[in-house]
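The values are calculated or read from the model by the stated rules, or taken from the named source; none is laboratory data. Everything numeric in this text was worked out from a predicted model, so none of it was measured. All Cβ positions, glycine included, derive from the backbone under ideal geometry; neighbour counts span all protein chains shown. The accessibility values were calculated without ligands, DNA or RNA, using every heavy atom of the protein model including side chains. Shrake-Rupley method; radii C 1.70, N 1.55, O 1.52, S 1.80 Å.
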Amino acid sequence: MAVGVVAGVESQERRGGGGAGTGRITAFVVLSCVTAGMGGVIFGYDIGIAGGVSSMEPFLRKFFPEVHRRMEGDVRVSNYCKFDSQLLTAFTSSLYVAGLLTTFAASRVTAGRGRRPSMLLGGAAFLAGAAVGGASVDIYMVILGRVLLGVGLGFANQAVPLYLSEMAPSRWRGAFSNGFQLCVGVGALAANVINYGTEKIRDGWGWRVSLALAAVPAGLLTLGALFLPETPNSLIQQGKVDRRDVEQLLKKIRGADDVADELDTIVAANSATAGVGGGGLRMLLTQRRYRPQLAMAVMIPFFQQVTGINAIAFYAPVLLRTIGMGESASLLSAVVTGVVGVGATLLSMAAVDRFGRRTLFLAGGAQMLASQVLIGGIMAAKLGDDGGVSKGWAAALILLIAAYVAGFGWSWGPLGWLVPSEIFPLEVRSAGQSVTVAVSFVFTVFVAQAFLAMLCRMRAGIFFFFAAWLAAMTAFVYLLLPETKGVPIEEVAGVWRGHWFWSRVVGGDDDEARNNGGKL
């Protein structure tokens, strides 16, 4: 039996998905999605900037003097433990704790008020966080700035992936949704380039520039969101706009006059909630027909974090300094891996709607697994508690880190956001996204807070720890993730009924019909 075969998908694609696949890529939808993508730029910028400033000596000397003394050799400590500081990791993880606490409030705003207001609130919080971070005079202000950025992430990560999925024509939904991860990569690359430049500023205040420049994409998101249209799906869900007005907006988005079938599909999906009591989150958690989507909303972001990517993203300059590289060289190497990540995500955007989600997941997982094993092997063999590694082995490690980042950039990076954003029916879509974001934040906090301590205690074994998870998640995708390529977003729920395993969980068409009040 083939694993993950989707019954009925081919016929859906031949039908054109109820009109959803007939639209073209218009300048209107491109500009809307680019503006919304600023939320992803800020996400990536925050990830990249934290690791960079954490390796800058003036920043460490001012806020983390104990870590700075270890780097200067005033305290004898293992290479693997020089950056082991819970206060330093709290600087990184405080952003994600705040994002986690904000997520469910953001879900209510996104469902009840729309995707656009959530992006506005997120942009405003980002602006405040950038201002506080750049003006910090003590550790409390630094962490407050990170907390405000986290509030912004809670709103932006809730709204932006949904916005991209709902605005894109179904045949290009993968490419548009992967644009979120591209924006994350661009933001991280920009952070690495800025860190490399600001590290050279005399008098040691370059870190202030790095933290404050988060205001640039934040301002673009906030200003752009004032002019963005709401998605047709959200307008129908809110029920505050006449159908004819939604139809006119949909024609403008799709660049086509024949949008009746797509609009009917959206309206029908929204009507499915009429006979079901309770809020979206309660429905998602209690009703059997949503079990496959709930499993993916939990497992995909969990696996995305235990790939180890955020350990690399947060602490790449720190890790490179651990193996003996200088401050400037480590920041430059982070720029190189950032370029690789952006290039890989562009490749994913071109390939995802041609080859499908499962193919990229499986190939990328295998590439990342091999890279982690080789990184761990070199670290175990060549890096002891003292000294560094030779230039040749350092170059090999940088190449392997780049290969690892590339594998993530065209698989688990973009697909970790794409798949959860496209698999939920409209009635539980915002709730499902909130679960995805919350799980992502929980394990982002865990990895950010635990990585330096784990590196100190496990030494090179930490890379084998992440490799084991990569093997597990690749098997999970092979066995349990159906293909959603080319399926209109309001019809994706049907893929589970054709899957060898999930069909037993959700029941057959008769059960689904009863759950929908007799409508399939």
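The table for this structure:
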item: Residues being closer than 26 Å to TYR80 by Cα and either surrounded by 20 or more Cβ atoms within 10 Å (Cβ to Cβ) or of a type outside the set (A, V, I, L, M, F, W, C) (or both) - total across region 351-393; result: 20
item: Test for ALA111: is it surrounded by fewer than 21 Cβ atoms within 10 Å (Cβ to Cβ) and outside any loop (DSSP other than H, G, I, E, B); result: no
item: Residue match in region 266-287 (condition: loosely packed, with under 15 Cβ neighbours inside 10 Å, over 21 Å from ALA111 (Cβ atoms) and touching a residue at least 12 places away in the same chain (Cβ under 8 Å)); result: no
item: Candidate set: region 129-169, residues that are at pLDDT 90 or above and in a loop (DSSP other than H, G, I, E, B); chosen: the one least open to solvent (accessible area, probe 1.4 Å); result: SER136
item: Residue within region 105-128 that is at pLDDT 90 or above and under 20 Å from ASN192 (Cβ atoms) present; result: yes
item: From the options ALA396, ALA350, residue that is of a type in the set (Gly, Ala, Ser) and touching a residue at least 60 places away in the same chain (Cβ under 8 Å); result: ALA350
item: Pair list, Cβ < 6 Å and 6+ apart or interchain, from region 47-70 residues that are within 18 Å of ARG202 (Cβ to Cβ) to residues that are acidic (Asp, Glu); result: MET56/GLU199
item: Tabulated pairs, region 454-471, first in contact (Cβ under 8 Å) with a residue 12 or more places away in the chain and over 18 Å from PHE443 (Cβ atoms), second in a loop (DSSP other than H, G, I, E, B) and among the acidic types (Asp, Glu), C-beta under 7 angstrom, 6+ apart or interchain; result: CYS456/ASP84
item: Residue match in region 390-402 (condition: outside any helix (DSSP H, G or I) and modelled with pLDDT under 90); result: yes
item: Where SER348 falls short, out of the listed (1) over 20 Å from PHE302 (Cβ atoms); (2) open to solvent by 10 Å² or more (accessible area, probe 1.4 Å); result: (2)
item: Residue in region 292-301 that is of a type in the set (Val, Ile, Thr), in contact with a Ser or Thr (Cβ under 6 Å, 6 or more places away or on another chain) and at pLDDT 90 or above present; result: no
item: All positions within region 403-430 that are open to solvent by 10 Å² or more (accessible area, probe 1.4 Å), in a helix (DSSP H, G or I) and over 19 Å from SER371 (Cα atoms); result: TRP417, GLU427
item: Residue among PHE83, PHE104 that is within 27 Å of ALA450 (Cα to Cα) and either open to solvent by less than 10 Å² (accessible area, probe 1.4 Å) or touching a Phe, Trp or Tyr at 6+ places or on another chain (Cβ under 8 Å) (or both); result: PHE83
item: Test set (1) assigned to a helix (DSSP H, G or I); (2) farther than 25 Å from GLY150 by Cα; (3) in contact with a Gly (Cβ under 7 Å, 6 or more places away or on another chain) - VAL492 fails condition number; result: (3)
item: Residues of region 467-488 satisfying the condition of being surrounded by fewer than 24 Cβ atoms within 10 Å (Cβ to Cβ) and closer than 26 Å to TYR80 by Cα; result: ALA467, ALA468, TRP469, ALA471
item: Qualifying positions in region 170-207 - touching a Gly at 6+ places or on another chain (Cβ under 8 Å), buried (at least 24 other Cβ atoms within 10 Å of the Cβ) and at pLDDT below 85; result: SER170, GLY179, PHE180, GLN181
